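Remarks on the structure that follows.
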Amino acid sequence: MFCTTVVIATCKRNDLLIERSIKSVYSQIYNKNVDVVICVDAAEDLLIEEIQKTNLCIENYRKQNNITNFPTKVIGNDRTKFHSGTGAWNSAILSVIDLKEPKNNEQHFIAILDDDDSWDQDYLMFAQKNYSKDTGLIVSGIKYIKPDNSIEIVQAKELTEELVFEKNPGVFGSNMFINLKAF
C-alpha cells in the first residue's frame with residue numbers, strides 16, 4: 001500500500017513550524033496514508049523539554065483547526081546535532097524504516113520539509129501521481145519568495161552524477177520525495 005511520511009526537522013522554531021510547514025502539510029489535498037514525524041534538534045539537556053513544547057504546540061494547533069488526518073508524532077534527534085536538519089531527518093527516517101520487513105519499504109515514501117518552508121496544496125498529490133514502481137526519488141521545483149515579493153523558481157532539469165557532485169542542480173531538502181527502499 002502506498003504511504004507517505006512527512007519528515008520535518010525543527011530547532012526551537014515552533015512559530016515557523018506551525019505557521020509555515022505544518023500548516024502547509026495539514027492543507028494538502030492528498031491525505032491518504034500520510035503521517036508526519038517531527039524531529040526536534042536540541043541539546044541533550046533540553047531535548048525532552050523541547051519535545052514536550054513542540055508536541056503541545058502541535059496538539060493545540062490540531063485541536064484549534066479540527067485536524068483529524070495526518071497522524072503526527074514528535075521525536076528527538078538522536079543523531080548528528082545542529083547540521084541543517086540532516087541528523088534530525090535521518091533520526092526521523094530511521095524511525096519509520098522497516099528493517100525487519102524490507103518489502104514494506106517499497107511503496108513507502110519520505111517527503112522532507114524544513115520547518116521554515118511550505119508546500120503548495122497539491123505537492124503530495126503531484127508526487128503521488130508521478131511515482132511508479134521503480135521510482136527512487138522525485139524532485140520538484142522550489143519557489144523562492146524574495147524580500148520584494150518576487151518569485152524565483154529553481155527546478156532540477158537534469159540529475160546526473162556529474163551535476164550532483166559539481167554543483168547543486170536544484171535538489172534541496174524540502175523538494176525531495178524519496179522511496180524508502182531506495183533510501
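The values are calculated or read from the model by the stated rules, or taken from the named source; none is laboratory data. All of these numbers come straight from a predicted model, not from anything done at the bench. Cβ atoms come from the backbone with ideal geometry, glycine included; neighbour counts cover every protein chain shown. Note: accessible area is taken over every heavy atom of the protein model, side chains too, but ligands, DNA and RNA are not part of it. Shrake-Rupley method; radii C 1.70, N 1.55, O 1.52, S 1.80 Å.
Model label points for N66 and D134, set 7 angstrom from Cα along the Cα-to-Cβ axis, are 4.6 nm apart. Charges were assigned to the Cβ only: +1 to each Lys and Arg, -1 to each Asp and Glu. The resulting dipole of the chain about its Cα centre is roughly 500 debye. With all protein chains in place and a 1.4 Å probe, the accessible surface of the chain carries 49 percent carbon and sulfur.
Here the relative contact order of the chain, from alpha carbon pairs under 8 Å that lie six or more residues apart, stands at 28 percent.
For the chain, take every pair of Cα atoms, bin their distances at 10 Å starting from 0, and report each bin as a whole percent. Percent of pairs per bin, in order: 9, 36, 37, 16, 1, 0. Charge dipole (Cα centre; +1 on Lys/Arg Cβ, -1 on Asp/Glu Cβ; no other charges) of region 44-122 amounts to roughly 320 debye. Note on E19/K157: beta-carbon distance plugged into 1/(1 + (r/R0)^6) with R0 of 25 Å gives a FRET efficiency of 0.20. Here's how it looks for A9: its modeled amide H is under 5 Å from those of C39, L113, D115, which are all 5 or more places away or on a different chain.
All other residues whose Cβ lies under 15 angstrom from that of Q107 are scored, Lys and Arg at +1 and Asp and Glu at -1, for a net of 0.
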